[in-house]
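Note sheet for the following structure.
We did not get these values from a lab; they are worked out from the coordinates using the rules stated. From a predicted model like this one, the values you see are computed outputs, not experimental measurements. When we count neighbours, we look across all protein chains shown, and the Cβ atoms used for this are built from the backbone with ideal geometry, even at glycine.
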Ligand SMILES: [Zn+2]
Ligand SMILES: [Zn+2]
């Protein structure tokens, strides 16, 4: 199997097949991560093609299922999602996982709750920094009243 050493020579497309596994024939790219053997017509797929094909057959699959079934590492599936080479549609069960709590999400790196917490934390840090280095002159950090508060729930 050429799968272990094609990484060095074919680093541009992860998991890109080099030869037909049926007859060792030449492969020609035919789009969507699929390659067709010019000798026997066998279809080979790179990582993107495998994931895409699997999702077409199993629209409800989650990221772990896809990874196990295709042999494509979850990190690479995630990268395909982040690169927007795979689309997450409402019909698709393919999910990303929230970086903070691990909950399934459809886009981004955090679920809405964690995103909120994350933003609040950033804001707190920003305020703490401001408090440490108060802006001289006008009362730039004066209390603004409850109108500035956000509801968390
Ligand atoms: Zn072939
Ligand atoms: Zn979360």
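Evaluate the distance, in nm, between pseudo-label points positioned 7 Å from the Cα of residue 76 and of residue 126 along their respective Cα→Cβ axes.
Here the modelled spin labels are 3.9 nm apart.
Please label the shape of segment 43-84 as rounded, prolate or oblate, based on the square roots a ≥ b ≥ c of the eigenvalues of the alpha-carbon gyration tensor (a/c under 1.5 means rounded; beyond that, a/b larger than b/c means prolate, else oblate).
On the way: a/c = 1.37, a/b = 1.09, b/c = 1.25.
Rounded, because the longest to shortest axis ratio a/c is under 1.5.
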